[in-house]
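In what follows, a structure is listed as structure tokens, so that the remarks can point back to it.
The values are calculated or read from the model by the stated rules, or taken from the named source; none is laboratory data. Just so it is clear, the model here is predicted, and its values are computed rather than measured. For neighbour counting, all protein chains shown are included, and Cβ atoms are generated from backbone atoms with ideal geometry for every residue, glycine included. Accessible surface is based on the protein model in full, side chains and every heavy atom, while ligands, DNA and RNA are left aside. Shrake-Rupley method; radii C 1.70, N 1.55, O 1.52, S 1.80 Å.
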Amino acid sequence: MLIILSGCAAVGKNTVINTLLAEEGSRFGFMPTYTTRAPRPGEVEGFPYHYLTEEQFRQKIEDGELYEHEHIHTSYYGSSRKLLAEALETGKIIIKDIDVKGAMNLKGLLARDVKVVTVFLYIGKDELERRLRGRGDSEEQIRIRLGRYEEEMSYAEKFDYRVENVLLEDTVRRIKEIADAEK
């Protein structure tokens, strides 16, 4: 099973994933995403992203290595066919974070091959801005990401589940409950 976490930037997708993996790494696995953006403090190659140049990313597109890809917030992001296959072979419930459009695209592409459950995480716009500032995003990135808030929120009803990410422990508990219900 693949659980896709999506939602606005800075909603806490990676924090939720990190907590799930720390608490139940024998049950949950992770699939990284390819991106052309620079790593943030604390991020390392392979978790949560594989960092590529634009040229490397374009080559992966050309070679048909990606299920889907998007240009978001001035960077490219994409889901690897190979990385997903490797993750699913572990037999674990795989968690992947992805933007809202990519989530819908990936679910449609994989629906016949693997069970895909989509979860939309959300917070209020004021809290989103506070989190963006707290993680040190530039003013330009904050403006861009806040500018996408309404568009990203408009996708919420298309997801299987919607979870407000106010308290981390409640969100993680809810994701575990969703995994149990869908298994």
- request: Scan segment 52-65 and report the pairs whose first residue is over 9 Å from Thr36 (Cβ atoms) and in contact (Cβ under 8 Å) with a residue 24 or more places away in the chain and whose second residue is open to solvent by less than 70 Å² (accessible area, probe 1.4 Å) and not in a helix (DSSP H, G or I), with Cβ atoms within less than 7 Å and a gap of 6+ or a chain change.
  value: Lys60/Tyr34; Lys60/Leu66; Lys60/Gly78
field: For Val11: the one exception among (1) part of a loop (DSSP other than H, G, I, E, B); (2) touching a strand residue (DSSP E or B) at 6+ places or on another chain (Cβ under 6 Å); (3) open to solvent by 40 Å² or more (accessible area, probe 1.4 Å)
entry: (3)
- line: Note on segment 76-105: residues open to solvent by less than 10 Å² (accessible area, probe 1.4 Å), without any contact (Cβ under 8 Å) to a residue 60 or more places away in the chain and either under 11 Å from the mean Cα position of the chain (by Cα) or over 25 Å from Ala22 (Cβ atoms) (or both) are Gly78, Ser79
- prompt: For segment 142-167, how many residues meet the condition of being open to solvent by 60 Å² or more (accessible area, probe 1.4 Å), modelled with pLDDT of 95 or more and assigned to a helix (DSSP H, G or I)?
  reply: 2
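Please determine, by comparing only the residues of segment 108-132 that are within 22 Å of Val172 (Cβ to Cβ) and of a type in the set (Lys, Arg), which one is most open to solvent (accessible area, probe 1.4 Å). Steps first, answer last, please.
Taking segment 108-132 as the starting set, the residues that turn out to be within 22 Å of Val172 (Cβ to Cβ) are 115-124, 127-128, 130-132.
Keeping just the survivors that are of a type in the set (Lys, Arg) gives 115, 130-131.
On the way: Lys115: 97, Arg130: 142, Arg131: 51 Å².
Taking the candidates together, the pick is Arg130.
Could you tell me whether segment 48-65 includes any residue that is in a strand (DSSP E or B), within 12 Å of the chain's Cα centre (by Cα) and within 29 Å of Glu177 (Cα to Cα)?
If we filter segment 48-65 for residues that are in a strand (DSSP E or B), which is where we start, we get 48-51.
If we keep only those that are within 12 Å of the chain's Cα centre (by Cα) too, we end up with 48-49.
Narrowing the set further to residues that are within 29 Å of Glu177 (Cα to Cα) leaves 48-49.
Within segment 48-65 (the criterion being in a strand (DSSP E or B), within 12 Å of the chain's Cα centre (by Cα) and within 29 Å of Glu177 (Cα to Cα)), the answer is yes, since at least one residue qualifies.
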message: Under 8 Å between Cβ atoms, which residue pairs at least 6 apart in sequence (or on different chains) link something in segment 111-125 that is basic (Lys, Arg) with a partner that is open to solvent by less than 20 Å² (accessible area, probe 1.4 Å)?
response: Lys115/Leu2
